[in-house]
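Working notes for the structure below.
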Amino acid sequence: MTSQSELPLTILASTRFIPLITIERVEDAVPLAQALVDGGLPVIEVALRTPAAPQAIREILKAVPDAVPGAGNVLTPHDLALAAHAGARFAISPAATPALLEAASRASIPFIPGIATPTELMAVLSRGFHVVKFFPAMAFGGPEAVRALHAPFPHVRFLPTGGTGEAELDEWLSLPNVAAVGGSWLAPLEEVRAGNWDSIRARASKVSQRG
């Protein structure tokens, strides 16, 4: 059986970019996911910030077979259970509590805990999680911070998110310990609200070609 330390890598192996999306209306989920998939970004993090999020994951799974929707903003064991029940292919947290790590260690769904400091990183490593979200990435040192963490933690792979943008993508991707980069800038909420799927598709296509 694949361990929690390896499960996230099976998801991230197919992409270098993970759009973080917020769904306010369930009807936006499918066209948004389709635009991202058409643009070459099949792995999608749906933030559990709205009541529509769990159903959005279900709708994407049904209608966009090439999409790999996961749940983001997982804060509690209840959120993790909600993500699994919705069919999320993976779950990501912005930070990690002992209770959440305990629940995730028993879950079959791939889980990526969030960290911001070396101390937090050592706490999640002690529970067997070797793929982590670095959040908020730019506020806590950006690419230079992740570069510095490589020597003491060479086996850790990072998913930087939070303040990330197109400008520093090449620098992130040049780092050997960065598995993928995440960010909400790939599908801005104002464009989702307006249904600007062509704009989102074009941005996704431009970004995916840099991977």
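For the range 1-95, applying the loop criterion from DSSP together with a ceiling of 13 other beta carbons within 10 Å to the GluC sites (Glu not before Pro) yields 6. Note on the chain: with a GNM built from Cα contacts shorter than 10 Å, the maximum mean-square fluctuation among 160, 118, 42 falls on 118.
Between 76, 50, 164, the residue with the greatest mean-square fluctuation in the GNM of the chain (Cα pairs under 10 Å linked by springs) is 50. Each DSSP beta bridge with both residues in the chain is either parallel or antiparallel, and the antiparallel ones are about 0%.
Rounded if a/c is under 1.5, else prolate if a/b is larger than b/c, else oblate: which is the range 1-75, with a ≥ b ≥ c the root eigenvalues of its Cα gyration tensor? The shape class here is oblate.
Mean projection of the Cα convex hull over all viewing directions, computed for the chain: 10.4 nm². Roughly how far apart, in whole Å, are the Cα centres of the range 136-152 and the range 3-77? The two parts, judged by their Cα centres, are 25 Å apart.
Here, each number is a calculation from the coordinates, and none is a lab measurement. In this text the structure is predicted, and so the values were computed from the model without any measurement. FYI the Cβ positions are ideal-geometry reconstructions off the backbone, even for glycines, and counts take in every protein chain you see.
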